[in-house]
């Protein structure tokens, strides 16, 4: 299982959580998605290695342009 984290400054409410979870959840291989509102971090666990760019594109599709991998 591989885990990736992304900082998404624009997330602020449960609607944001649903929007990001719905879009990222469409990606093949995603096992779980966790959104921590206070830290504005989205954690994605996948069964296979997903390219960070693919996850970023899904988050952007949900309406959040500012997305940065957490290093």
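Summary table below
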{"item": "At 0.692 mPa s and 37 °C, Stokes diffusion of the range 2-69 via Kirkwood alpha-carbon radius, µm² per second", "result": "287"}
{"item": "Contact order relative to length of the chain, as percent, for alpha carbon pairs under 8 angstrom and 6 or more apart", "result": "46"}
{"item": "Helix 14-25 axis, angle to the chain major axis (alpha carbon atoms, nearest 10°)", "result": "20"}
{"item": "Helix 52-61 axis, angle to the chain major axis (alpha carbon atoms, nearest 10°)", "result": "40"}
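Readers should treat all values here as calculations from the given coordinates under stated rules, not as data from a laboratory. Keep in mind that what you see is a predicted model, and the values were worked out from it rather than measured.
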